[in-house]
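Asks: Below is the structure I would like to discuss, written out as structure tokens.
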Amino acid sequence: MKLYALSLGAGLLVGIIYSLLSVRSPAPPLVALVGLLGILVGEQVIPVSKQLLGGSAFSTACSETRATASVLGQLPGRQLADKPAEDKRA
């Protein structure tokens, strides 16, 4: 239930920001895509920052936290490569 409350709170915050910017939902396609990109990158700021503060290089921090895959997504056909062998049978 806590996850749903946090999701609602994040949605309300984004709605308030959109209102302050005079952008109505549904947002114009480019504005919406830039907003989604911001969400994807924003989700990775804390994990990557923790790695950087631990002394890792930026590329290593992105690899360790799988930030690049989270932001850019996986290329088609690459999902099976990351799964354990027993999952490939399904």
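The values are calculated or read from the model by the stated rules, or taken from the named source; none is laboratory data. Given the structure is predicted, the values throughout are model-derived calculations rather than measurements. Cβ sites come from the backbone with ideal geometry, for glycine too, and all protein chains shown count toward neighbours. Remember, those area values only see protein heavy atoms, side chains included, never the ligands or the DNA or RNA. Shrake-Rupley method; radii C 1.70, N 1.55, O 1.52, S 1.80 Å.
Asks: What nm value, rounded to one decimal, do you get for the distance between V71 and S7 when each label is placed 7 Å out toward the C-beta?
Replies: Going by the 7 Å Cα→Cβ label model, 2.5 nm.
Asks: Roughly how many Å² of S7 are accessible to a 1.4 Å probe, to the nearest 10?
Replies: 80 Å²
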